[in-house]
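Novice: For reference, the structure I am asking about is given below.
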Amino acid sequence: MKKKILSLILLIGFAITGNSQSNNGKLGAWYMYFWDTQINESQFGFQGDLQYRNWNIIGDLEQLLLRGGVTYRPVNTNIKFTVGYAFILTGEEGADNSETTNEHRIYQEAIFPSKLGKRLYFNHRFRFEQRFVETQDFRTRVRYNLFLNIPLNQVALTKNAIYLALYNEIFVNGQKSIGNDHTVELFDRNRLYVGLGYAIKTNLRLQFGWMNQTTDAVSKNQLQFSLHHVF
């Protein structure tokens, strides 16, 4: 098992190195904290995330994202619905460039977890966004993300689990015209991710990985460091 884990670490390292060299843009980095909590004896709860995204490894702001919402889990199901709000501050590339753009976003989301066999833990996430971007017309976007976590050293994603984390997310714009005679493609972007995670506790996990984000105009690689906290 140790050899398998080492092989996966090397594979991720080669993917990061190879793709960052072939990509036209700089290697970026995202630092993220995700949290989720349930109100006692209730189907309601809260969840959110804080993300600090950089055009480079650190110091050149790409985006600061603050997001939070109210969750609802129907009785006797694993489905979770969320209604929430996000604020996004987007910076221009270049550490000396102080230009920023604000975005306010309302979103609705549904997550459907499933399991295949003993070790394949899936999550299907559907998200609909209403976007109010500075200097642009009102916009909407649909997103679908398929997550897969595979524990390597034990069957369950509980304390001390080392796991492989994968996801792919596609974004589709609801409108092509965004105002001021500017247009966008219906295909907005795709994000492909591979990483390794470690469960410090059953409700607290660390992840490190590589993500490639592709739009109709550019492809860029990002390192991702994330903390996932359920309390």
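The values are calculated or read from the model by the stated rules, or taken from the named source; none is laboratory data. Values in this document were obtained by computation on a predicted structure and should not be read as measured data. Heads up, the Cβs are rebuilt from the backbone with ideal geometry, glycines too, and the neighbour counts pull from every protein chain shown. Just the protein is used for accessible areas: all its heavy atoms, side chains included, with ligands, DNA and RNA removed. Shrake-Rupley method; radii C 1.70, N 1.55, O 1.52, S 1.80 Å.
Novice: Count, please, the residues in the stretch 173-192 that happen to be over 21 Å from the mean Cα position of the chain (by Cα), open to solvent by less than 90 Å² (accessible area, probe 1.4 Å) and under 18 Å from Phe128 (Cβ atoms).
Specialist: The number of residues fulfilling the criteria is 3.
Novice: Just to check your reading of the model, which residue among Ile162, Ile150, Ile170 is touching a Phe, Trp or Tyr at 6+ places or on another chain (Cβ under 7 Å), surrounded by 13 or more Cβ atoms within 10 Å (Cβ to Cβ), aliphatic (A, V, I, L, M) and touching a residue at least 60 places away in the same chain (Cβ under 8 Å)?
Specialist: Ile162
Novice: Here's something else I'd like to know. Within the group Thr135, Thr140, which residue is modelled with pLDDT under 95 and either open to solvent by 20 Å² or more (accessible area, probe 1.4 Å) or not in a loop (DSSP other than H, G, I, E, B) (or both)?
Specialist: Unique residue meeting the criteria: Thr135.
Novice: Does Ile200 count as in contact with a strand residue (DSSP E or B) (Cβ under 7 Å, 6 or more places away or on another chain) and open to solvent by 50 Å² or more (accessible area, probe 1.4 Å)?
Specialist: So Ile200 fits the description; yes.
Novice: Would you check which residues across the stretch 54-73 are at pLDDT below 95 and over 21 Å from Asp96 (Cα atoms) and list them?
Specialist: none
Novice: Given the structure, is Gly59 among the small types (Gly, Ala, Ser) and surrounded by 15 or more Cβ atoms within 10 Å (Cβ to Cβ)?
Specialist: Answer is no for this residue.
Novice: Tell me yes or no: at least one residue of the stretch 120-128 is modelled with pLDDT of 95 or more, open to solvent by less than 70 Å² (accessible area, probe 1.4 Å), of a type outside the set (Phe, Trp, Tyr) and more than 25 Å from Met211 (Cα to Cα).
Specialist: The answer is no; no qualifying residue exists.
Novice: Could you run through the stretch 82-107 and say how many residues are part of a strand (DSSP E or B), surrounded by 13 or more Cβ atoms within 10 Å (Cβ to Cβ) and more than 17 Å from the chain's Cα centre (by Cα)?
Specialist: The total comes to 5.
Novice: Which numbered condition in (1) at pLDDT 95 or above; (2) outside any strand (DSSP E or B); (3) not charged (D, E, K, R) is the only one that Ala217 fails?
Specialist: For Ala217, the exception is condition (1).
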